[in-house]
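A short reminder: the numbers here are calculations on the coordinates, not readings from a lab. Bear in mind the structure is a predicted one, so any value in this text is a computation, not a measurement. Counting neighbours? That spans all protein chains shown, and the Cβs are built from the backbone with ideal geometry, glycine included.
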Amino acid sequence: MKTVEEIKSAIEAAVLGAAVEIVPNPSVSGQHSLRLAPGYVLDVAKFLRDDAELKLDFLSNVTGVDWPDKEVAEKVMVTRTVAKTVDGVEQQVEETVSETRKRVEPGFLEVVYHLYSVEKKHGPVVLRMRTVNRTDQADLPSLTPIWRSAEFQEREIFDLYGVIFAGHPDLRRLLMWDNFKDFPMRRDYVEPDDFEYEPTAHDAVLKRAQLHQAALTGQPGEEGRPEMGASQ
Amino acid sequence: MSDFQTHFASDSEKLEGWNRPAMIAPDGDGELLEVAMGPHHPSTHGVFRMDVALDGERVIRLKPVFGYLHRNHEKIAEGISYLASMPYTDRLDYICPITNNWAYALAVEKLTGQEVPERAEYLRVILGELTRFQNHASSIGFLIQEMGASGTPLMYAFREREKILDLFEELTGARMMVNYMRFGGCRVDASPVWLEKARQVVESLPQFLDEFDRLLSSNEILMARTQGVGMLPAELAVNAGVTGPMLRASGVNYDIRKVDGYGIYNRFNFRVPLGDHGDVYDRYMIRLLEMRESLTILRQALKDLPAGPVMDPKAKIRGFRPKPGEAYGRIEAPKGELGFYLISDGGPNPYRYRVRPPSLINLTILEDMCLGQNVADVVLIFGSVDIVLGEVDR
């Protein structure tokens, strides 16, 4: 089978304007992937499926991955002028200090496609796509028109991660119910307060009961015995 | 608008440029009957719903509804260590826990590069093929049961399945929730007594297959109900990601045991049965033939089983932190391609843990196979897909 570099140059030769970036995989599995920039994605997918040498006609697996905002601490050397007293005389001295600066790398959602070829019996070729951010620009082109097997898997990612697949023929929630609001597979998902009264609450259940009590009344629940019927 | 109506809304405009057969127009007065099959329908093998629109007895639309058994298996796995997910994988496809263990162990071994000793590889093959045998036997049993042959074939299949589950219990301590494999080997070794019992069971199984074959394969009712029903063309099957016996029943030669040769499968002689028509009968027949091939593999594996350790002595199974990276490992599970995709960020828990469930993806074309068929055949077509809801909903 072709290497990722060869596949990258084949794509760029076949689809004008397509931008492909190789994402190396440092683990021993050696499954390196190709990141597609938005735009021309459907053309690239069609090329991969129909090219006589690649013939990646089988889309096996579609995965959503959440990469939340990341705070990065960097050490920077800064030169500044400080007033200092040297030998009883006040002087302006230049000084170099290391400073820790924090910046936030914006998060994004990623979708990973694993492609195989049934005809040529090779694979996997791994494709990745990123959304711009995790909130208002979380949309990506759907590959369901090219590979039907993405239909339910993209629906699942829409359901659990909130990626909106443009061009998907039937984009509804798959596993959660239709009125559900949040996206449970995101890293910052907070479980709702699904309090259930238990007569002998203990351990984690007791803790949850007390938290629930505090949220309702502003006062912590009684030790060992949460208020009965508070949730009704 | 009801939940039901939203499923069927504006389908026609969504269809453009989409690989899907033309919708069937209702004839007559065009009045449709909407039926919710499930979630408590006995033929749905669990909690699963099909919203069906019927014109008389013909199926005009069918929408599967999932999620009744959803517990977010993948989220749970992100919060616990790699090893702690192993018993959870038993609960995915609870008919075949061994192959779930195997796929997960394979993915982690790909991520970390751990080696598996010879004997462990042989034990994996032996247990994996026993699992395939009992899965196919019971899935045929269920299929025939849904056809109306109440009891007999299913009980025959379960009699044999019980023998295999007894072997599992003796080796692993549990009939179904086996938690048997580890990264870099297997948890316990098989004793000579167990191996002798396994040989006896394997020797007794061809008799059952012959009996099953004689009882069912040329049965007039079975042929009338299944031949030409639920046809699946090969091209659509590949495009829709269908795998396992369903794909091979449509005549596509793709068996991951042959293609990837994972473990030690390329040492064994076995054939890959293929179907011609891709109908329910072919799927039944492929499963029957695959059981025979499983027995061939079992006989070879039990004969060649080498001595030695079952765990890599250098393997570290607890508290290990794989280097950052990712791996996708897949095996030919009895229901199709079962894959695990893991991303490690260098921590003790997987950053992302994804199960590629064959049962869910094989259902993608359920509607295509059922359109235009009688509603009574929906039960058969669905049964011939062979799913387990623990894996569909995860």
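For this structure, a couple of remarks:
- For chain A, the pair-distance distribution built from all alpha carbon pairs, in bins 10 Å wide starting at 0, is 7, 21, 21, 16, 14, 12, 7, 2, 0 percent.
- Placing unit charges on each Cβ (+1 for Lys and Arg, -1 for Asp and Glu) gives the stretch B:73-393 a dipole about its Cα centre, and among B:TYR341, B:ASN219, B:VAL188 the Cα reaching farthest toward its positive end belongs to B:VAL188.
- Projected-area mean, the stretch A:87-202, by convex hull of Cα positions, square nanometres: 19.0
- The protection proxy used here, the mean number of other Cβ atoms lying within 10 Å of each residue, ranks peptides A:180-192, A:21-33 as follows, highest first: A:21-33, A:180-192.
- Convex hull per residue volume in Å³, alpha carbons only, for chain B: 143
- Across peptide A:147-160, the average count of Cβ atoms from other chains found within 10 Å of a residue's Cβ is 5.
- Set of lysines with alpha-carbon distance to A:LYS2 below 16 Å, sequence-local pairs under 8 removed: A:LYS55, A:LYS120, A:LYS121
- Residues B:MET181, B:MET176, B:MET155, A:MET129, sorted so that the one with the fewest Cβ neighbours within 10 Å comes first: B:MET155, B:MET176, A:MET129, B:MET181
- The charge dipole of the protein assembly as shown, taken about its Cα centre with unit charges on the Cβ atoms of Lys, Arg (+1), Asp and Glu (-1) only, comes to about 1820 debye.
- The charge dipole of the stretch B:323-394, taken about its Cα centre with unit charges on the Cβ atoms of Lys, Arg (+1), Asp and Glu (-1) only, comes to about 400 debye.
- Here the protein assembly as shown is treated as a Stokes sphere of Kirkwood radius computed over C-alpha pairs; at 20 °C and 1.002 mPa s its diffusion coefficient rounds to 80 µm²/s.
- Per-pair calculated FRET efficiency, R0 = 35 Å: A:VAL72 and A:GLU196 via Cβ, rounded to 0.05: 0.30
- Residues A:TYR161, A:TYR40, B:TYR341, sorted so that the one with the fewest Cβ neighbours within 10 Å comes first: A:TYR40, A:TYR161, B:TYR341
- In this label model, B:ASN269 and B:SER191 are separated by 3.4 nm, measuring between points 7 Å along each Cα→Cβ vector.
- Charged side chains reduced to their Cβ positions (Lys and Arg at +1, Asp and Glu at -1) give chain B a dipole of some 1780 debye around its Cα centre.
- Cα→Cβ-extended label distance, 7 Å offset, between A:VAL205 and A:ALA37, nm: 5.6
- The stretch B:48-88 and the stretch B:187-207 have Cα centres spaced 35 Å apart.
- Per the Debye formula on identical point scatterers at the alpha carbon atoms of the stretch B:216-301, with no solvent, log10 I(q)/I(0) at q = 0.12, 0.13 Å⁻¹ is -0.39, -0.46.
- Relative exposure of A:HIS202, B:HIS136, B:HIS73, judged by other C-beta atoms within 10 Å (fewest first): A:HIS202, B:HIS73, B:HIS136
- Cα-projected label distance for A:MET1 with B:ASP304, points at 7 Å along beta-carbon direction, nm: 2.5
- Cα gyration tensor shape of the stretch B:266-362, rounded if a/c is under 1.5, else prolate or oblate by comparing a/b with b/c: oblate
- Rg and Dmax of the stretch B:88-134, based on Cα coordinates, read 11.1, 32 Å.
- Coarse-grained scattering of the stretch A:1-104 at q = 0.12, 0.17, 0.18 Å⁻¹, given as base-10 log I(q)/I(0) from a Debye sum over alpha-carbon atoms: -0.64, -0.93, -0.99
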